[in-house]
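Q: Take a look at this one; I'll ask things after.
The values are calculated or read from the model by the stated rules, or taken from the named source; none is laboratory data. Computed from a predicted structure; not experimentally measured. Using ideal geometry, Cβ is built from the backbone for each residue, glycine included, and neighbour counts are taken over all protein chains shown.
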Amino acid sequence: MKRVVLILLFSFISSFAAEHITAQNIDEKLQNKNVIVDFYATWCPPCKIMSKNLEEFEKSNSSNVVVYKVDVDKQPELAKEYGIRTIPTTVYFKNGIFLKKEVGIKTPSQLHLNVKNYF
């Protein structure tokens, strides 16, 4: 029972490791940066895997890429604006300009490759 509680607690905490953005601050957060935005939901098991992969990516990230998160249940207007119909979805921005949208779980090595290719 203790293990289950610890696993659930870790999953909950890890889903909030990166800073969250909202419709009110997205323009400010994306300016003059290379950004990966993770669109997710707290109830989504693949999103929890993606969150862990993004954390691992951030630990080994030597580039100037910032990772933000958007909870699609709390920010449905952002999900609609960027055409998010499936989660997890990662969206890549350079200096506030939309570059690419990818659906599904990405490994840390895939994220590093994407950063190399997109930025």
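Q: Count, please, the residues in the range 48-65 that happen to be assigned to a helix (DSSP H, G or I) and more than 18 Å from I105 (Cβ to Cβ).
A: Number satisfying all stated conditions: 0.
Q: Now a separate question. Among the numbered criteria (1) of a type in the set (D, E); (2) at pLDDT 95 or above; (3) within 26 Å of L113 (Cβ to Cβ); (4) assigned to a helix (DSSP H, G or I), which single criterion is violated by D38?
A: (4)
Q: What number of residues within the range 74-89 satisfy the criterion of being touching a Ser or Thr at 6+ places or on another chain (Cβ under 9 Å) and either of a type in the set (A, V, I, L, M) or at pLDDT below 95 (or both)?
A: Total meeting the criteria: 2.
Q: Which residue is farthest from the chain's Cα centre (by Cα), if the candidates are limited to the range 81-119 and must be in a helix (DSSP H, G or I) and under 20 Å from E19 (Cα atoms)?
A: My answer is E81.
Q: Still on this structure: Among the residues in the range 63-76, are any crowded, with 16+ Cβ neighbours inside 10 Å, touching a Leu at 6+ places or on another chain (Cβ under 9 Å) and of a type in the set (K, R)?
A: There is at least one residue in the range 63-76 that is crowded, with 16+ Cβ neighbours inside 10 Å, touching a Leu at 6+ places or on another chain (Cβ under 9 Å) and of a type in the set (K, R).
Q: Now, a different point. Looking at this structure, is A79 crowded, with 19+ Cβ neighbours inside 10 Å and either farther than 17 Å from L113 by Cβ or among the hydroxyl-bearing types (S, T, Y) (or both)?
A: When the stated conditions are applied, A79 passes them.
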